[in-house]
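Here the structure is laid out as structure tokens; the discussion comes afterwards.
Derivation of every value follows stated rules applied to the coordinates shown; laboratory data play no part. Bear in mind the structure is a predicted one, so any value in this text is a computation, not a measurement. When we count neighbours, we look across all protein chains shown, and the Cβ atoms used for this are built from the backbone with ideal geometry, even at glycine.
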């Protein structure tokens, strides 16, 4: 049976007006929107919070986000809370995110973690297109179930694609599929019972920065957590496996704190919404 859910679309365009990063165009339909931009670092960096008023995604929902940064603009995009993908009776939810960063622009894509509830069914994709001299840092964190509340991920099917391209050439192509109760979630060659996975990528390609990130995050790791930082193609890639979404966010924030000055000559300025 076909299930009709929310259909939502959000289009964000960032440009430059003098020394200020501004919205050139903002369009939305359905329950995806941005209230207003924030400038905690001054007018040259625009912070934006993507809002999804229903508070969660269910089977049959379709969400599309399109982001374009041009002309020396600098945008930081985050979310006010974790994304929640609820149990479905059969229909898949779909999420498509397309990000384009033109030459000379800087984009920071820093959403809070996504929680896949037991029984969730999802097809999600994120594609980042970079021009030459475009600067980017972004992460995605997935949490399977709510184990602290006694709710695991025994049922469900969530597929997640993550791609980074530069000038039409692929730099990173990944597809993850999380099937509730499947062997890869528990086997030692898979997630080994860990319920949180995350990936951070950045156009910062510097062996000294990579070493500094490894050293700092290694000192912050707790038992059972795994963190790596490597250079792949033209990207710095960090990965996390653990059991708590807030821990993945904290460790990625530590890595961001180190790499951001190299990315855009600015110290890390955490969005205020992260502290509420």
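Can you tell which of 174, 140, 108 shows the greatest fluctuation in a Gaussian network model of the chain with Cα springs below 10 Å? Between 174, 140, 108, it is 174 that shows the largest mean-square fluctuation. Helices in the chain, meaning DSSP H runs of at least 4 residues, each add -39500 (n - 2.57). Divided by all residues, the mean residue ellipticity at 222 nm is -4000 deg cm²/dmol.
Mind ranking 151-158, 205-212 by how tightly packed they are, going by the mean number of other C-beta atoms within 10 angstrom, highest first? Walk me through the numbers on the way to the answer.
Details: 151-158: 17.8, 205-212: 14.1.
The peptides rank, most packed first, as 151-158, 205-212.
Pairs of C-alpha atoms in the range 1-160 farther apart than 23 Å represent 40 percent of all such pairs. Rounded to the nearest 0.05, the FRET efficiency derived from the C-beta distance between residue 215 and residue 155 at R0 = 45 Å is 0.65. Residues of the range 104-138 with amide nitrogen under 11 Å from the 7 Å Cα-to-Cβ point of residue 266? Inside the label zone: 106-108.
Taking a ≥ b ≥ c as the square roots of the Cα gyration tensor eigenvalues, with a/c under 1.5 meaning rounded and otherwise prolate when a/b beats b/c, else oblate, which class fits the range 4-98? Intermediate values should be presented prior to the final figure.
Values: a/c = 3.17, a/b = 2.32, b/c = 1.37.
Judged from the Cα gyration tensor, the range 4-98 comes out prolate (a/c at least 1.5, a/b above b/c).
With N the number of residues in the range 14-275, Rg(Cα) / (2.2 N^0.38 Å) evaluates to 0.98.
Once you sort the root eigenvalues of the Cα gyration tensor of the range 119-180 as a ≥ b ≥ c, which label holds: rounded (a/c under 1.5), prolate (a/b larger than b/c) or oblate (the other case)? It comes out prolate by the Cα gyration axes. Is the range 105-255 rounded, prolate or oblate when judged by the Cα gyration tensor, a ≥ b ≥ c being the square roots of its eigenvalues, rounded requiring a/c under 1.5 and prolate requiring a/b larger than b/c? Taking the square roots of the gyration eigenvalues as a ≥ b ≥ c, the range 105-255 is oblate. Among 134, 192, 253, which one shows the biggest mean-square fluctuation in a GNM of the chain, springs joining Cα atoms closer than 10 Å? Top of the fluctuation ranking is 192.
Length gained on full extension, residue 96 to residue 174: 26.6 nm, using 0.36 nm per residue less the C-alpha separation. Between residue 25 and residue 39, residue separation times 0.36 nm minus the direct Cα-Cα distance comes to 3.3 nm.
Which whole-number percentage describes the relative contact order of the range 14-275, with Cα contacts under 8 Å and a sequence gap of 6 or more? Walk me through the numbers on the way to the answer.
Values: 640 pairs, mean separation 34.5, N = 262.
The value is 13 percent.
Once the Cβ-Cβ distance of residue 183 and residue 226 is raised to the sixth power relative to R0 = 22 Å, the FRET efficiency obtained is 0.75.
Looking at the chain only, what percent of DSSP beta bridges run antiparallel? Nearest 5 please. Roughly 45 percent of the DSSP beta bridges within the chain come out antiparallel.
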